[in-house]
1. Send over a whole-number figure in Å² for the accessible area per residue of the chain, probe 1.4 Å.
2. Stretched out fully, how many nm does the piece from Asp295 to Asn361 gain, at 0.36 nm a residue minus the Cα gap?
3. Between the alpha-carbon centers of region 199-218 and region 486-528, tell me the distance in whole angstrom.
4. With a cut-off of 16 Å, note down the residues of region 524-543 whose backbone N falls inside the zone around a label point 7 Å from the Cα of Glu302 toward its beta carbon.
5. Quick one: compute the contact order of the chain, relative version, from alpha carbon pairs under 8 angstrom and 6+ residues apart, as a percent.
6. Taking all pairs of distinct Cα atoms, average 1/r, flip it, and tell me the Kirkwood hydrodynamic radius of region 3-107 in Å to one decimal place.
7. Can you give the FRET efficiency to the nearest 0.05 for Asn337 and Arg378, using r as the Cβ-Cβ distance and R₀ = 30 Å?
8. With all protein chains present, how much of the accessible area of the chain (probe radius 1.4 Å) comes from carbon and sulfur, to the nearest whole percent?
Amino acid sequence: MPANNISGLASSLAACGLLPTDKLLQISNAAVSEKKPLVSYLVENDFISSHKLAEFCESEYGLPCLNSTSIDLNNLPQKYINEKLIETHHALPIYVNENTLYIAISDPTNSGALEQFGFSFSIHTEALLVEEVILQKAIDEIVQDDVASLGEMTDLDEVEVDSSDSRLDESQNVRDDAPIVKYINGVLLDAVKKGASDLHFEPYEKKYRIRFRIDGILKEIASPSVNLANRFSARLKVMSKLDIAERRLPQDGRIKLKVSNNRSIDFRVSTLPTMWGEKVVMRILDSSAASLDIDRLGYTDEQKEKYLDALDKPQGMILITGPTGSGKTVSLYTGLNILNTVERNISTAEDPVEINLSGINQVQINTKAGLTFASALRSFLRQDPDIVMVGEIRDLETAEIAIKAAQTGHLVLSTLHTNSASETLTRLLNMGVPAFNIASSVSLIIAQRLARRLCDECKIEVDQYSDEELNKIGFNHQQIKNKFTLYKAVGCDKCSDGYKGRVGIYEVLVMSGKISHVILNDGNATQIADVAVAEGMFNLRQSALKKAIEGVTSLKEVTRVT
């Protein structure tokens with residue numbers, strides 16, 4: 001049988017007479033049939049020893065051979081450890097020197113491994129020869145031990161991912177990776193059960209971290225092997241219908257997780273390329289968990305009355321402000337839920353639509369397609385609206401259209417990212433909205449935060465503070481005179497660090513004649529706040545202290561959120 005029927009390493013072995021040509025052809029075919037590298041098949045079946053094969057390759061191809069009997073798995077360049085590439089090409093990145101990645105191979109003709117690693121990570125690659133038994137042992141430890149370290153997951157049978165997009169079946173990288181699939185599903189289900197609002201999957205140089213945001217605080221939940229970083233991000237991107245080959249740019253997607261026959265939960269997914277891999281953050285959008293009962297949101301009776309009065313008006317603008325994760329969406333939806341009657345035409349422009357409300361026309365913003373807040377708002381005004389909700393006022397164009405709608409017989413609800421109610425008015429001025437338009441259109445502004453509720457099972461009284469200390473914290477003289485009991489968190493098996501759930505902290509500013517006068521005379525946020533407080537508004541700190549007096553939260557939490 002002619003030697004030209006075999007190629008690569010097999011051809012070299014035949015040419016040197018180490019094995020007969022016909023035998024090598026048979027071995028090559030068998031290795032292909034079993035989907036194994038030729039070197040692995042040769043050594044595993046004792047056709048040639050690992051050491052003798054390494055010596056031959058070093059002499060024949062002039063590649064440097066590592067003298068060590070093992071590979072230090074603790075010092076591998078984790079940024080370049082991609083288990084799928086390692087398994088597919090039977091090669092292992094060893095270390096990086098400047099802009100060169102050195103890759104251990106046992107077959108010196110395995111140029112495909114160098115090319116693929118170089119292409120995937122945009123780096124120059126060089127080969128280092130390693131005995132097959134040493135290389136195989138290292139690969140086995142990385143792949144098998146990492147997957148085994150995930151542990152057993154429970155309650156997975158009831159989780160079902162919406163796979164309506166055919167791309168879920170096109171990814172060979174993650175389609176058959178059952179341990180990763182089960183682990184990710186288990187993490188998502190665990191997050192839902194624990195009431196988390198966000199999940200963070202974070203790769204670092206020597207550590208991988210999974211954190212949940214529970215009651216507004218991030219907590220580390222698990223720390224699987226860092227070698228699984230690429231597999232985690234690939235799986236999450238496939239579930240989110242994102243491009244798994246794109247690792248250089250941020251991407252946004254969604255996952256629908258069916259946890260029972262009548263309950264599905266949406267996850268908003270964001271990927272971000274970092275120094276050590278892709279960080280994935282997921283926001284849980286659970287409509288069934290949102291309470292739209294205004295009495296449960298934490299408003300005082302006076303604040304609730306002001307909000308309901310503004311909702312009862314046929315026109316004007318209600319603005320809700322606060323940082324991300326402060327509960328603005330729930331406050332907006334609560335108002336919409338109150339207004340949602342058959343006599344009213346309500347349209348919303350949102351990014352994303354977080355809670356589905358029957359009877360309301362909800363529009364998902366799609367900036368890439370040209371559907372912006374401004375364009376959606378223009379369309380609403382041609383749809384005979386009574387009430388319009390704009391997810392966020394981000395620019396002057398949107399602000400001007402919203403104000404025009406509020407001035408022409410429509411009730412408009414929206415949000416802004418500012419720190420207080422008074423700063424919302426100056427933010428609109430800074431955007432370029434004329435002062436007289438603000439004064440004539442805005443009817444109510446709610447600034448809010450979310451504070452953790454003390455667990456009723458384990459909270460304990462705090463030693464009494466001195467009157468001077470209480471006054472410094474923010475309590476007024478009348479409150480101090482009346483005396484009250486403060487509580488602090490302890491922690492038990494029914495809560496998280498002494499807290500269970502969250503409560504809203506609000507300042508509700510009504511646009512009065514005096515405040516309009518301040519705005520029209522170029523007043524600043526401090527002057528506006530002073531007038532509002534003089535007219536009876538509780539600022540955020542005062543509202544939070546009232547919750548502490550009521551035993552709902554702690555002074556530590558008051559300080560944290562205000």
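1. For the chain, the per-residue accessible area is 48 Å².
2. Working: separation 66, 0.36 × 66 = 23.76 nm, distance 2.54 nm.
That works out to 21.2 nm of additional length.
3. Answer, in whole Å: 28.
4. Correct set: 529-543.
5. Details: 951 pairs, mean separation 50.3, N = 562.
For the chain, the relative contact order is 9 percent.
6. On the way: mean 1/r = 0.0657 Å⁻¹.
Evaluated on region 3-107, it is 15.2 Å.
7. Values: r = 26 Å, r/R0 = 0.85.
Using R0 = 30 Å, I get an efficiency of 0.70.
8. Details: 12460 of 27120 Å².
On the chain, the fraction of accessible area on carbon and sulfur atoms equals 46 percent.
The values are calculated or read from the model by the stated rules, or taken from the named source; none is laboratory data. These figures come from a predicted structure and were not determined experimentally. Please note: Cβ atoms are built from the backbone with ideal geometry, for glycine as well, and neighbour counts cover all protein chains shown. Surface accessibility is based on the protein's heavy atoms, side chains included, excluding ligands, DNA and RNA. Shrake-Rupley method; radii C 1.70, N 1.55, O 1.52, S 1.80 Å.
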